[in-house]
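Okay, so here's the structure we're looking at.
Where a number appears in this text, it was derived from the coordinates with a stated rule and is not lab data. The structure displayed is predicted, hence computed values, not measured ones. So basically every Cβ, Gly included, is an ideal-geometry build from the backbone, and we count neighbours across all protein chains shown.
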Amino acid sequence: MTDKQWELLKRVVNGETISPLPVGFIVDCPWLPNWYGCSILDYFTNDELWLSANLKAMNDFPDVMFLPGFWSEYGMCTEPSAFGARCSFPANEFPHAHRVISSADEINSVEVPNPATDGLLPFVLNRLKLAQPKIEAAGHKIRFAVARGPLNIASYLMGSTELLTTMMMEPDKVHTFMKTITTFLKNWLNLQRETFPSIDGILLLDDIIGFLGEDEFRTFGLPYFKELFDPSVQIRFLHNDAPCSTSAPLLPKMNVNLFNMGFDVSLKNLKEITHNKVTLLGNLPPRDVLAKGDAIDIKEKTINMLATLEDKSRIIVSCGGGMPPGVTSESINLFVKTVQG
Amino acid sequence: MSELIEKIGICVERGKVNKASPFPPDMKGLDGADEYTKLAIEAKTSADAILQACNDGMQRVGEKFGKNLVFVPELLMAAKAMHAVMAHLKPFFQSGTVKTKGTFILGTVAGDLHDIGKNLVSMVIEGNGWKVIDLGVDVKAPRFIQKISENPGCVVGLSALLTTTIANMANTIKEIKTTSPTTKVIVGGAPLTAGSAQEMGADGYARDPQAAVALLNSIGVS
């Protein structure tokens with residue numbers, strides 16, 4: 001993000017009503033390599049391609065905030081790899097990590113990884129370090145420390161069904177697990193912040209939150225997210241595109257001040273649930289409208305969405321969730337133009 | 001006997017698997033679905049009646065889920081309790097005393113390792129009297145096709161949670177329909193809608209396990 005975009009983001013998050021409304025997208029793999037015209041594997045393994053694809057997106061859409069911006073990652077493999085997960089990288093598909101443990105009995109054997117040396121994390125960091133001069137020469141800075149959230153990582157390490165049933169059957173073991181993962185995540189986020197002093201934002205991505213009831217989330221989620229979203233950081237950004245009506249009222253307690261949600265909840269609704277204390281990044285249906293809709297669809301649905309908002313503070317117009325595969329430049333430009341009136 | 005049946009239904013609804021299970025906290029130390037089913041079978045209760053109790057319990061917890069009164073962990077525990085009942089009923093299915101409604105082949109599509117939805121659907125559909133072949137997660141199209149050829153007349157269920165794997169779901173349907181055009185394929189998962197399911201050529205879309213049961217019973221029973 002440029003200094004100008006970063007300042008704009010902070011103004012929105014601090015409650016200032018911006019006109020025209022700002023537009024932002026979570027942009028990552030697989031949309032970016034597909035849009036740029038390279039394979040997913042090339043995108044992950046060729047640092048030059050990764051940088052060129054990111055720079056091209058930012059140059060082609062200067063009115064769009066790309067969040068987190070220059071996201072160095074290996075999809076769902078990023079953090080689980082540090083715990084020793086086997087990682088699969090099909091040639092042009094999104095990579096995925098395999099389980100590390102098969103039952104709750106093995107939770108005590110899971111050690112806190114060292115983010116400076118373990119799994120793919122040194123590669124993530126070094127790619128950013130090598131690219132930093134070119135990123136800054138292009139007028140951007142590295143602004144966010146990024147990680148998958150603790151529930152998401154736990155679900156990858158032991159399987160989501162096992163994680164959720166263990167919460168019910170052996171809650172103490174899940175707390176042990178969550179503490180181990182949270183300790184690791186704090187170290188990982190801190191390492192990113194130490195390496196790049198320009199970082200003043202944290203992005204956590206966690207859709208397992210959406211499967212929990214309020215009691216379970218208060219018990220197994222809230223305390224750990226609160227610990228991770230360090231209030232000394234200016235932008236504390238959560239992505240959860242699974243159901244969020246149960247957890248959204250707790251976003252301020254999690255220290256979250258920017259939220260990207262799923263498409264099944266309206267901005268108006270979320271504004272009410274969060275008492276307008278959290279900036280919302282959304283919420284055009286990503287696949288049915290932004291990726292597959294025609295020009296009339298995109299324009300109409302965007303206008304209708306904005307018309308529902310009486311109070312336009314704390315809104316960054318986007319789609320629900322990250323940018324889905326297949327969205328064309330024309331659709332993005334039309335979306336931006338419609339928002340800008 | 002009817003008291004045992006009622007208790008089995010309650011254990012399924014509340015997710016009380018067995019005596020050793022601490023969940024739900026207010027039933028800690030009490031017998032669960034496992035123990036009551038054993039007693040019911042010893043008391044010569046018909047397997048059909050036990051199966052119906054399971055379905056009733058799952059129906060009730062499914063309704064609570066639909067009203068946001070319980071959430072996925074509670075639903076998973078209910079399915080786990082039902083699984084404990086089904087373990088006792090397996091011999092009745094094998095002997096033909098209880099007839100299965102058909103065969104349902106289920107898996108999470110290639111590139112997706114999420115199993116919550118798939119497991120819930122698997123357990124609820126099995127409890128509804130279907131033979132379920134669960135292929136697990138990250139299942140590629142050829143594996144579905146192989147299983148379809150081994151189980152003529154089956155219905156296939158595809159699950160996905162990641163937005164990024166929806167394309168794999170569409171490809172899997174296409175490959176299944178190319179090799180086996182009459183096989184019915186139903187889909188479910190957080191990123192899907194009825195519209196997107198139809199667009200990718202699925203024969204049906206279910207937003208939750210109960211809807212999957214209803215859909216399967218309507219399209220799958222020959």
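How far is the Cα center of region B:79-103 from the Cα center of region A:75-115, in Å? Centre-to-centre distance over Cα atoms comes out at 35 Å. A simple charge model with +1 on the Cβ of Lys and Arg, -1 on the Cβ of Asp and Glu and nothing else charged puts the dipole of the protein assembly as shown at about 260 debye relative to its Cα centre. Per residue of A:51-57, other chain Cβ atoms within 10 Å of the residue Cβ number 0 on average. The relative contact order of region A:3-340 comes to 20 percent, based on Cα pairs under 8 Å that sit 6 or more residues apart. Between the C-alpha center of region A:44-62 and that of region A:166-188 there is a gap of 36 Å.
Helix B:166-179 and the longest principal axis of the Cα set of chain B meet at an angle near 80°. Across peptide A:285-292, the average count of Cβ atoms from other chains found within 10 Å of a residue's Cβ is 3.
Comparing A:Trp71, A:Trp35, A:Trp50 in a Gaussian network model of chain A, where Cα atoms under 10 Å apart are tied by springs, the biggest mean-square fluctuation is seen for A:Trp35. Per residue of chain A, the DSSP helices (runs of n ≥ 4 H) give a summed -39500 (n - 2.57) that works out to -13000 deg cm²/dmol at 222 nm. The length gained on full extension between A:Thr195 and A:Lys129, counted as 0.36 nm times the residue separation minus their Cα-Cα distance, comes to 22.9 nm.
Just check region B:48-157 against the gyration tensor rule for me: Cα atoms, a ≥ b ≥ c as the square roots of the eigenvalues, rounded for a/c under 1.5, and otherwise prolate or oblate depending on whether a/b exceeds b/c. Cα axes put region B:48-157 in the oblate bin. Any chance you could check the Cα centroid distance between region B:1-76 and region A:293-319 for me, in angstrom? Distance between centres, Cα-based: 46 Å.
Listed peptides A:159-165, B:175-181 appear in the order A:159-165, B:175-181 once ranked by packing, highest mean of other Cβ atoms within 10 Å at the front.
For A:Glu214, A:Glu79, A:Glu73, which order do you get if you count the other beta carbons within 10 Å of each Cβ and list the fewest first?
Details: A:Glu214 16, A:Glu79 31, A:Glu73 21.
If I rank by nearby Cβ atoms, fewest first, I get A:Glu214, A:Glu73, A:Glu79.
Separation of the alpha carbons by more than 23 angstrom is noted, of A:Lys292/B:Lys174; A:Lys277/B:Lys67; B:Lys67/B:Lys118; A:Lys56/B:Lys174; A:Lys4/A:Lys337; B:Lys19/B:Lys101, for A:Lys277/B:Lys67; A:Lys56/B:Lys174; B:Lys19/B:Lys101. GNM remark for chain A: springs join alpha carbons under 10 Å apart, and the peak mean-square fluctuation among A:Ala248, A:Ala291, A:Ala91 falls on A:Ala91. Inter-chain neighbour count for A:207-215: the average number of beta-carbon atoms from partner chains within 10 Å of each residue's beta-carbon is 4. Ranked by the mean number of other Cβ atoms within 10 Å of their residues, highest first, the peptides B:2-10, A:108-116, A:14-22 fall in the order B:2-10, A:108-116, A:14-22.
Counting each DSSP H run of 4 or more residues in chain B as -39500 (n - 2.57), what helix-only mean residue ellipticity at 222 nm follows after dividing by all residues, to the nearest 500 deg cm²/dmol? So the helix-based figure for chain B works out to -17000 deg cm²/dmol.
For region A:287-299, 3J(HN,Hα) computed residue by residue from phi via the Karplus equation (6.51, -1.76, 1.60; θ = phi - 60°) reads 8, 5, 10, 5, 7, 10, x, 7, 4, 5, 4, 4, 5 Hz, glycine and proline entered as x. Ordering A:Asp241, A:Asp297 by the number of other Cβ atoms within 10 Å of each residue's own Cβ, fewest first, gives A:Asp297, A:Asp241. The aspartates and glutamates within cross-link reach of A:Lys268, meaning a Cα-to-Cα straight distance under 18 Å and a gap of 8 or more places when in the same chain, are A:Glu16, A:Asp241, A:Glu300, A:Glu310, A:Asp311.
When chain B is treated as a GNM with alpha-carbon contacts under 10 Å, the residue of B:Met123, B:Met200, B:Met82 showing the greatest mean-square fluctuation is B:Met200.
When B:His88, A:His96 are arranged by Cβ crowding within 10 Å, least crowded first, meaning fewest neighbours, the order is B:His88, A:His96. Of the beta bridges in region A:3-340, as assigned by DSSP with both residues counted there, near 5 percent are antiparallel.
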